[in-house]
Amino acid sequence: MAIKEVKTSTELDALFTQLAEPFDPNEIKWRVTHTTRDGSRGAVVAYADPRAYTDRLNQLFTPTGWTRTYDVSTVSAVTRMKKDKLIQTGKVLVTCTLTITGLGCHAGSGEDWADEPNAMTTAEAQAFKRAASCYGLGRYLYNLAEMWVPLNEHRQPFEFPSLPQWALPKTGAPVKNHPASGPRPAAIQCGPIDQRITGKIEGFRRILGDPIYGEILWRVARTQKANAIPNAQLQTNVAEAMERASRGIRKAHSLAESIGDTQFVSVLDRLHIGSMTTIQNLEALKHLVSELEGLAGQPAA
């Protein structure tokens with residue numbers, strides 16, 4: 001299908017406005033770039049997966065209305081410090097040229113150390129997004145300031161920052177999704193919330209610990225904060241999931257009392273669990289309870 005050439009300034013302005021529209025907040029991810037010396041706080045920056053960029057281009061121009069090409073080169077015999085050691089490595093250099101029918105073409109460059117996992121993928125993504133930003137697509141992400149957040153013992157954020165209002169998409173007519181973009185998750189219904197359930201959910205944090213508490217919030221409600229759950233039904237679902245997890249915690253405590261401190265500490269060490277409030281995830285909790293049940297069922301020596 002031929003793409004109609006854009007001729008009027010009004011049409012151009014409308015297209016560039018749509019290109020520059022912020023992504024849905026669900027598309028935004030956060031990366032820790034560096035931390036304090038003790039690892040208690042880290043600087044995070046926002047970014048979007050390249051698929052969010054291709055989806056927007058497909059929505060506005062269809063897959064036949066834009067193309068991209070990559071030129072790849074490498075630099076060898078480069079040394080750098082990695083984990084306090086001087087290593088011999090190289091660099092992967094990528095240039096992406098993005099062409100949109102009727103709007104011309106722009107290029108962007110990306111690079112990564114050759115010894116890094118997925119170096120080529122990282123450099124290609126960086127180059128593509130930089131080329132896209134020349135049209136305004138994703139450009140607003142460069143205006144988000146680096147933000148510092150508390151980190152857990154695994155150097156992961158307890159909570160991610162909230163996006164400012166200007167970095168959120170404007171409400172209006174929904175953009176029709178192009179089939180080439182793949183299925184999109186259903187929109188979450190916003191509605192009345194129950195502050196009592198919010199308080200109940202927040203109370204589980206002390207019982208479950210930050211890793212499991214955060215996992216349940218994200219799995220069930222796709223949020224990092226209890227007060228950001230959008231409706232009462234999701235609040236109830238989150239509270240029920242946390243209650244089930246807390247029963248697992250209580251069962252683990254009960255089993256620990258029956259087998260004694262020595263065996264209990266041995267199990268924690270074997271599973272690399274520092275304490276009951278730092279269990280990495282729900283799967284680790286399930287494994288812990290299973291191990292404790294096995295020991296509790298054995299006859300005393």
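What follows is calculated from the coordinates using simple rules that are stated; it is not laboratory data. Everything quoted here is computed from the prediction, not taken from an experiment. Positions of Cβ are backbone-derived with ideal geometry, glycine not excepted, and every protein chain shown enters the neighbour counts.
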Going residue by residue through segment 280-295, the Karplus relation 6.51 cos²θ - 1.76 cosθ + 1.60 with θ = phi - 60° gives ³J(HN,Hα) values, rounded to whole Hz and with x marking Gly or Pro, of 4, 6, 5, 5, 5, 5, 4, 5, 4, 4, 4, 5, 5, 4, x, 6
Rounded to whole Å, give me the distance from the Cα center of segment 1-76 to that of segment 201-261.
35 Å
In this structure, among K29/K83; K225/K251; K83/K225; K29/K225; K170/K200, pairs with alpha-carbon gaps over 22 Å are K29/K83; K225/K251; K83/K225; K170/K200
Cα centre as origin, Lys/Arg/Asp/Glu Cβ charges: the chain dipole, Debye
300 debye
From fewest to most C-beta neighbours within 10 Å, the residues T54, T79 line up as T79, T54
For segment 198-209, in order, what is each residue's ³J(HN,Hα) by Karplus, 6.51 cos²θ - 1.76 cosθ + 1.60 with θ = phi - 60°, in whole Hz (x at glycine and Pro)?
4, x, 4, 4, 4, x, 6, 4, 5, 6, 8, x
Treating only the Cα positions of segment 1-154 as identical point scatterers, give the base-10 log of I(q)/I(0) from the Debye formula at each q in 0.13, 0.18, 0.19 Å⁻¹.
-0.74, -1.15, -1.22
Under 5 Å, built H, 5+ apart or other chain: amide partners of T223:
W218
Where does each of K83, K251, K129, K91 land when they are ranked from fewest to most other beta-carbon atoms within 10 angstrom?
K83, K251, K91, K129
Considering only V220, M276, L255, whose Cα is most displaced toward the positive end of the charge dipole of segment 195-296, charges sitting on Cβ of Lys, Arg (+1) and Asp, Glu (-1)?
V220
